[in-house]
1. Just wondering, is there one or more residues in the stretch 354-363 that are of a type in the set (A, V, I, L, M, F, W, C) and open to solvent by 10 Å² or more (accessible area, probe 1.4 Å)?
2. Might you check whether a residue that is polar (S, T, N, Q), more than 21 Å from the chain's Cα centre (by Cα) and farther than 25 Å from Ala166 by Cβ occurs anywhere in the stretch 262-270?
3. Cβ-Cβ under 8 Å, sequence separation 6+ or interchain: first residue in the stretch 16-34 and at pLDDT below 95, partner open to solvent by less than 40 Å² (accessible area, probe 1.4 Å). Which pairs?
4. When you scan the stretch 5-43, how many residues do you find that are more than 30 Å from the chain's Cα centre (by Cα) and either part of a helix (DSSP H, G or I) or crowded, with 17+ Cβ neighbours inside 10 Å (or both)?
5. When the stretch 181-215 is examined, which residues are found to be open to solvent by less than 70 Å² (accessible area, probe 1.4 Å), part of a loop (DSSP other than H, G, I, E, B) and touching a helix residue (DSSP H, G or I) at 6+ places or on another chain (Cβ under 9 Å)?
6. For the subset of the stretch 120-165 comprising residues that are hydroxyl-bearing (Ser, Thr, Tyr) and open to solvent by 20 Å² or more (accessible area, probe 1.4 Å), which member is farthest from Met424 (Cα to Cα)?
7. Hey, among Asp306, Asp301, which residue is open to solvent by 70 Å² or more (accessible area, probe 1.4 Å), touching a residue at least 60 places away in the same chain (Cβ under 8 Å) and not hydrophobic (A, V, I, L, M, F, W, C)?
8. Take the conditions open to solvent by less than 80 Å² (accessible area, probe 1.4 Å), closer than 26 Å to Val463 by Cα and in a loop (DSSP other than H, G, I, E, B) and apply them to Pro80. Does it pass?
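The values are calculated or read from the model by the stated rules, or taken from the named source; none is laboratory data. Only a predicted model underlies this, so the values are computations on that prediction, with no experimental measurement involved. Virtual Cβ from ideal backbone geometry, glycine too; neighbours counted across all protein chains shown. For the accessible areas, the whole protein counts, side chains as well, though only heavy atoms, and no ligand, DNA or RNA atoms are used. Shrake-Rupley method; radii C 1.70, N 1.55, O 1.52, S 1.80 Å.
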Amino acid sequence: NSTDTKEDVRLKYRYLDLRNKKVHDNIVLRSQVISFLRQRMTELGFLEMQTPILTVSSPEGARDYLIPSRKHHGRFYALPQAPQQFKQLLMVSGFDRYFQIAPCFRDEDARADRSPGEFYQLDFEMAFATQEDVFDVAEDVLTTTFRKFANGKTVSDAPFVRIPYAESMLKYGTDKPDLRNPLEIIDLSDLFEVTDFKPFRGKCVRAVNVPGAASQPRSFFASMESFALSIGMKGLGYVKVDENMKYQGPIDKFLDDAQRQEIANRAGLKSGDVLYFIADSKREAPKFAGQIRTEVATRLDMIEKDAFRFCFIVDFPMFEQDEETGATVFTHNPFSMPQGGLKALNEKNPLDVLAYQYDIVCNGVELSSGAVRNHDLDTMRRAFEIAGYTEEDLQSKFSALYHAFEYGAPPHAGMAPGVDRMIMLLTGEDNIREIIAFPMNSNAQDAMMGSPAEATEAQLREVHIKLR
């Protein structure tokens, strides 16, 4: 079985590895899924269009791949990180429903669910469309595709649950929640503003109720504590609830009766439950609570099997504060429409402005992000001004979009579910390289073709490049 071989050997001899039935079947499924997506989008009235691969570097997002120009000394093309500006320009041009199985190029490090270099997305955009219109298309396409290829596994019914970003960060400790996990996080910070227990005082305190876990052996609690320390927590407090609804555990002596009652109410505690406490800064506590939620449910085998659970994460903040510089910066896509439009940008604290931005998440994997686009120039100028751009910056860095909007742009919105990640979920593979015919390794090298490779002196001269 070639899949038992070391990955670098498999990738070097990928043409042999692809003879393995399992690897072969993954690539066949990929072809079938892409073919089905095309058919479904066409049935829904979308027009498949191609956008340029050689384009211009964009100041937003990830690192670009640059390509030196032979004809234009000292100038560079860039590979598109996504067809974002082109698809918006198609809306201005009067193509109301565009889609493409689009290759996207980002010079990012690999992860299990991210290829270095290139990936494909089902990119689509709609004119005269609201957020709900985009959701309708996404729900149709994803449910029909997953039901066709899910091999009998359960697929969420449309409409998918919509979870505001702030609620997702609180309840699940992440903006990519796995809804197969039944556990939810609660906030107890207000109960510990004043307390004799130093580790909780004035901290962000989150808690996870694990039903029936009080009967677990001591080793379970010890290994959860070790896990907490391994992810950078200072410890992991908990109480067990006994049959008289009394709390067993070192934290109990710092609680008064009113706190005990309030905690029981908020967490829905019953006898036999265990309540884990996570206390840290406002930034770290939600994240740690999310990791504890996932780990404890995994260890106790609480995660639903054979199911695809979809949700939309909505109401992302438009801006955030840069940790290092303290400047106000865009959180996601700078071309998104702020909720409340120009009025909100002028009257609200920028950090309180929400955007019409949304993600689709399935089983804890982010499949897609998207947005209702900002098609109004005044609103766009103000949004970019808040993020520290001058009007000259806007005109020079996004000149085509800026000038196109001067001729009038319809309201438009879209998204782009990741094709590779969809297929990864459908095959149950843990690594994205298993569903790509000729993937790069995790170090962004193609071991089979020997890429990246050195260029000859003549090639470098032709594009006016000297290596230093």
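1. Yes, there is a match, as at least one residue in the stretch 354-363 is of a type in the set (A, V, I, L, M, F, W, C) and open to solvent by 10 Å² or more (accessible area, probe 1.4 Å).
2. First, the residues of the stretch 262-270 that are polar (S, T, N, Q): 265.
Then drop every residue that is not more than 21 Å from the chain's Cα centre (by Cα), which leaves 265.
Now drop any that are not farther than 25 Å from Ala166 by Cβ, which leaves none.
No, the conditions are met nowhere in the stretch 262-270.
3. As it stands, the answer is none, since no pair meets every condition given.
4. Here the count works out to 6.
5. Selection gives Asn181, Leu183, Leu188, Thr195, Phe197, Gly202.
6. Here is the first cut: in the stretch 120-165, the ones hydroxyl-bearing (Ser, Thr, Tyr) are 120, 130, 143-145, 154, 156, 165.
If we keep only those that are open to solvent by 20 Å² or more (accessible area, probe 1.4 Å) too, we end up with 120, 130, 144, 154, 165.
On the way: Tyr120: 12, Thr130: 30, Thr144: 17, Thr154: 16, Tyr165: 25 Å.
Per the criteria, the residue is Thr130.
7. On the way: Asp301 fails: touching a residue at least 60 places away in the same chain (Cβ under 8 Å).
It is Asp306.
8. yes
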